[in-house]
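Notes to accompany the following structure.
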Amino acid sequence: MTRSFAIKSFGCQMNVYDAERMGEALAASGLSESGDDKADIIVLNTCHIREKAAEKLYHEVGRIAARAREEGRPKPVVAVTGCVAQAEGAEILKRTGSVDLVVGPQAYHRLPELLEAQAAGVRDIVDLDMPAVPKFEHLPERRRRAPSAFLTVQEGCDKFCAFCVVPYTRGAEASRPLSAILAEAEKLADGGALEITLLGQNVNAWADGASGFGELVRAVAAIPGVERVRYTTSHPRDVTPEMIRAHAEIPELMPYLHLPVQSGSDRVLQAMNRKHDRAFYLDLIRQFRDVRPDLAITSDFIVGFPGETDADFEDSISLAHGVGYAQAFSFKYSPRIGTPAAEREDQLSEEVKSERLQRLQDAIGASALAFNQRSVGLVCEVLIERRGRRADQWIGKSPWLQSVVVTDPQLTMGDMVQVELVAAGPNSLEGRLLTRKTAAQW
Ligand code: SAH
Ligand code: SF4
Ligand code: F3S
């Protein structure tokens with residue numbers, strides 16, 4: 001009987017992409033995908049960005065083993081992949097007897113052979129290699145068929161922000177070759193993807209010889225069938241004039257920019273080693289808006305970085321007000337072992353962090369609602385991505401990445417429709433169907 005597998009993924013969109021590719025690799029090696037805990041092999045694709053990542057993992061592993069015991073099944077083979085695997089390595093095997101394999105984010109193309117080795121009796125497998133030959137060349141072709149798809153073009157980070165584990169878990173910045181990216185994008189478009197989101201920890205640091213990120217966007221947008229291109233996450237330091245121009249000139253490039261700032265205070269930005277100040281960031285926003293006035297801008301903030309004063313925090317609030325974000329994520333600073341900021345003695349209390357987080361989230365919520373309310377009355381295209389809660393209700397994305405609810409019995413996933421935006425809330429809008437532009441192709 002063929003063995004079955006299930007993958008559970010945590011963390012960022014890159015992990016979502018990695019999980020898809022692992023799934024495709026395991027399917028190509030003859031395993032069958034199953035949605036649940038009863039699978040013979042369970043892959044936990046982990047994230048290490050904020051607190052309790054490792055605790056959550058051990059809890060999950062314990063739960064899997066206990067459930068198998070209760071149901072009288074043999075314990076599934078458990079593989080831990082992703083950023084906790086890279087950060088904790090063999091420690092994971094020591095901490096729990098229930099994990100069989102630990103595989104880092106740059107080695108997961110070897111998962112099929114490692115699982116075979118495990119089945120043949122090899123124990124305590126740990127593969128944290130960051131090979132010079134990129135994993136992508138060893139992965140099978142994309143099989144995914146969906147209206148919207150992720151495509152990793154760049155991985156790793158050389159920025160070393162003082163709070164962040166990513167440079168340690170994902171390794172140095174590396175770009176995939178243009179030809180490989182275009183081949184994958186064509187494959188995804190053949191599978192019915194109308195929208196492609198280019199991913200990277202610093203996606204706009206992507207380069208291949210003389211080609212920079214702007215050219216990459218242009219080339220992907222030119223692929224027949226690709227109607228929408230998005231990208232995430234950008235670093236302010238890697239923004240180029242060509243990238244800004246892309247927003248002026250490429251109709252397929254959606255009017256949306258996620259540009260994390262982390263803090264509005266120059267003092268904190270410097271302590272964070274962000275390599276830019278407030279004025280530099282605001283000037284970039286101005287340049288983007290000059291070429292694309294309707295651009296939806298989103299961001300990430302950290303509150304309670306060590307040494308952050310009330311005045312520093314007020315600078316974050318004022319920056320958020322000034323930019324008028326369409327949406328933003330904000331997080332309490334979480335000390336990560338091995339990062340410079342975790343060593344500092346001026347850590348802030350949980351109470352202060354929680355208070356500041358609440359205030360910033362209120363400010364961002366108000367700004368998101370205002371952005372959505374300003375959209376009411378606009379006519380735009382919406383790519384239908386999933387069913388809503390009620391009958392005949394569908395949810396899709398506007399060009400500005402807003403969730404739009406459309407009610408119509410005729411629609412299906414993958415339709416591109418034209419709607420009028422008629423009502424707005426903080427997290428979604430309501431759209432009135434005008435026409436169905438193209439029917440689902442996948
Ligand atoms: N490469 C991206 C973001 C990667 S992590 C960038 O440079 O913007 C995603 C977000 O998690 C970060 O933008 C940051 O806001 C948050 N984050 C990272 N490390 C954190 C930490 N130690 N504590 C709290 N939030 C953190
Ligand atoms: Fe982390 Fe900074 Fe790199 Fe982003 S740029 S991944 S926040 S170190
Ligand atoms: Fe988490 Fe790793 Fe992504 S730490 S945010 S899964 S790069």
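The values are calculated or read from the model by the stated rules, or taken from the named source; none is laboratory data. Just so we're clear, the structure is a prediction, and the values are computed from it rather than from any experiment. We place every Cβ from the backbone using ideal geometry, glycine too, and count neighbours over all the protein chains shown. Remember, those area values only see protein heavy atoms, side chains included, never the ligands or the DNA or RNA. Shrake-Rupley method; radii C 1.70, N 1.55, O 1.52, S 1.80 Å.
Some observations on this one:
- Solvent-accessible surface of segment 4-127, taken per residue with a 1.4 Å probe and all protein chains present: 41 Å².
- Note that segment 135-374 presents 40 Å² accessible area per residue, ligands and nucleic acids not counted, probe 1.4 Å.
- Its alpha carbons considered, segment 379-439 gives a radius of gyration followed by a Dmax of 9.9, 29 Å.
- The chain - percent relative contact order, Cα under 8 Å, separation 6 or more: 10 percent
- Scattering profile of segment 135-374 at q = 0.13, 0.14, 0.15 Å⁻¹ [log10 I(q)/I(0), Debye over alpha-carbon scatterers]: -0.85, -0.97, -1.08
- Cβ-Cβ distance of residue 180 and residue 116, R₀ of 30 Å, FRET efficiency by 1/(1 + (r/R0)^6): the value works out to about 0.70.
- Unmatched cysteines, the chain - criterion: no other Cβ of a Cys under 4.7 angstrom: 12, 47, 83, 157, 380
- Sites residue 38 and residue 145 - FRET efficiency at Förster radius 22 Å, r taken between beta-carbons, to 0.05: 0.30
- Total lysine pairs whose alpha carbons fall under 22 Å of each other in the chain (8 or more apart, or interchain): 22
- Compared with the alpha-carbon gap, the fully stretched path from residue 391 to residue 59 is longer by 115.8 nm at 0.36 nm per residue.
- Extension gain, residue 273 to residue 211: 0.36 nm times the residue separation minus the Cα-Cα distance gives 19.6 nm.
- Solvent exposure of segment 379-439 amounts to 50 Å² per residue of accessible area, where only protein heavy atoms count and the probe is 1.4 Å.
- By accessible area, using a 1.4 Å probe on protein heavy atoms only, the chain has 51% of its surface on carbon and sulfur.
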